[in-house]
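Each remark here refers to the structure printed beneath this line.
Just so you know, all these numbers are worked out from the coordinates, no wet-lab data involved. Only a predicted model underlies this, so the values are computations on that prediction, with no experimental measurement involved. Please note: Cβ atoms are built from the backbone with ideal geometry, for glycine as well, and neighbour counts cover all protein chains shown.
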Amino acid sequence: MKYLVMVLGTQADYKAMTGNANEHSPAWTEADIKAMFEYMGAINDDLAESGELVDAQGLTEPARARHVTLGEDGKAIITDGPYGETKELLAGYWVLDCASLERVTEIADRVTRCPQPAGAPVYPVVIRPIQEGAGDIC
């Protein structure tokens, strides 16, 4: 079965990763960033080797996002990010093809252990099965 494994973050986290501490997170150093990328790269390599990796991507900061909704007049309302009312947004994801929910949970547990500076916020890793047919809705 395929699963979407999501990691979350905020605009403040992205700012901290550029070396700018804030009330939300300490500043990340170049060594912190390198350790994170090496750790995530090792996960990707292992998943590719096992045949479970379908896709994996990190996303740009929320400030580069665009939100499109439908207005009452039927026209699109377009807002550029970041969005103050949104606490956490998708920061990156994996699409995995795993034999079981237990296996994808093991992978998510490994993701939660990614190195980061002391005091940086910790977010849950979210797992969602990917709907494969109309019968999977409920």
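For a quick check of your reading of the model, give me the residue pairs whose first member lies in the range 103-132 and is acidic (Asp, Glu), whose second is part of a strand (DSSP E or B), with beta-carbon atoms closer than 8 Å and at least 6 apart or on different chains.
Short answer, once both residue conditions are applied: 132/2.
Give the residues of the range 73-95 that are without any contact (Cβ under 8 Å) to a residue 40 or more places away in the chain and either of a type in the set (A, V, I, L, M, F, W, C) or assigned to a helix (DSSP H, G or I) (or both), sorted by residue number.
76, 77, 78
Quick check: anything in the range 34-42 touching a Lys or Arg at 6+ places or on another chain (Cβ under 7 Å), under 19 Å from residue 122 (Cβ atoms) and crowded, with 16+ Cβ neighbours inside 10 Å?
No, because not a single residue in the range 34-42 is touching a Lys or Arg at 6+ places or on another chain (Cβ under 7 Å), under 19 Å from residue 122 (Cβ atoms) and crowded, with 16+ Cβ neighbours inside 10 Å.
Are any residues in the range 96-120 part of a loop (DSSP other than H, G, I, E, B) and either of a type in the set (A, V, I, L, M, F, W, C) or surrounded by 15 or more Cβ atoms within 10 Å (Cβ to Cβ) (or both), and if so, which ones?
Passing the criteria: 98, 99, 114, 116, 117, 118, 120.
Please verify whether the range 77-94 includes one or more residues that are among the hydroxyl-bearing types (Ser, Thr, Tyr), surrounded by 14 or more Cβ atoms within 10 Å (Cβ to Cβ) and in contact with a strand residue (DSSP E or B) (Cβ under 7 Å, 6 or more places away or on another chain).
Among the residues of the range 77-94, at least one is among the hydroxyl-bearing types (Ser, Thr, Tyr), surrounded by 14 or more Cβ atoms within 10 Å (Cβ to Cβ) and in contact with a strand residue (DSSP E or B) (Cβ under 7 Å, 6 or more places away or on another chain), which makes the answer yes.
Looking at the range 22-39 only, could you name the residues that are part of a helix (DSSP H, G or I) and either in contact (Cβ under 8 Å) with a residue 40 or more places away in the chain or charged (D, E, K, R) (or both)?
30, 32, 34, 35, 36, 38, 39
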